[in-house]
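The values are calculated or read from the model by the stated rules, or taken from the named source; none is laboratory data. The structure displayed is predicted, hence computed values, not measured ones. Every residue, glycine as well, gets a Cβ built from its backbone with ideal geometry; the counts of neighbours run over all protein chains shown.
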Amino acid sequence: MDNFFLLNHNAQRVDIDYSKTAKILNLPNRGFLKKGYFADIIIFDPNTFSDKANYTNAYKYSEGLKYAIINGKISIENGIYNESKNGKILTNKQ
């Protein structure tokens, strides 16, 4: 139950942090996990998650990443990147 509390607490903190960022940058339909909003969701195994990139190999994938859902579309499934480009470059002229 302690792990659940920590993850829940961190999720609430992330929600607050990203909603503030979206407001400051005036990004409509962002900052919350809500229907009709754009969002990125990362699902990972906290026991195996590890960043493997470094200065000499900046494009090395992390370990323990299970899913990446970018703007509602799966980009990484079961740890495998499917080559889809679901992100969007954000500007202040949205």
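Data overview
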read-out	value
Which numbered condition residue 56 fails, given (1) surrounded by 10 or more Cβ atoms within 10 Å (Cβ to Cβ); (2) modelled with pLDDT of 90 or more	(1)
Hits in segment 29-51 (condition: surrounded by fewer than 11 Cβ atoms within 10 Å (Cβ to Cβ) and among the basic types (Lys, Arg))	34, 35
Residue in segment 72-94 that is surrounded by the most Cβ atoms within 10 Å (Cβ to Cβ), counting only those that are of a type in the set (Gly, Ala, Ser), within 15 Å of the chain's Cα centre (by Cα) and more than 21 Å from residue 23 (Cα to Cα)	75
Filtered residues of segment 59-71 (kept if loosely packed, with under 12 Cβ neighbours inside 10 Å and either among the charged types (D, E, K, R) or in contact (Cβ under 8 Å) with a residue 24 or more places away in the chain (or both))	60
Count of segment 26-73 residues which are within 21 Å of residue 84 (Cβ to Cβ) and of a type in the set (S, T, N, Q)	3
Subset of segment 59-68 (residues that are at pLDDT below 90 and of a type in the set (Lys, Arg))	60
Residue 26 being in contact (Cβ under 8 Å) with a residue 40 or more places away in the chain and surrounded by fewer than 15 Cβ atoms within 10 Å (Cβ to Cβ)	yes
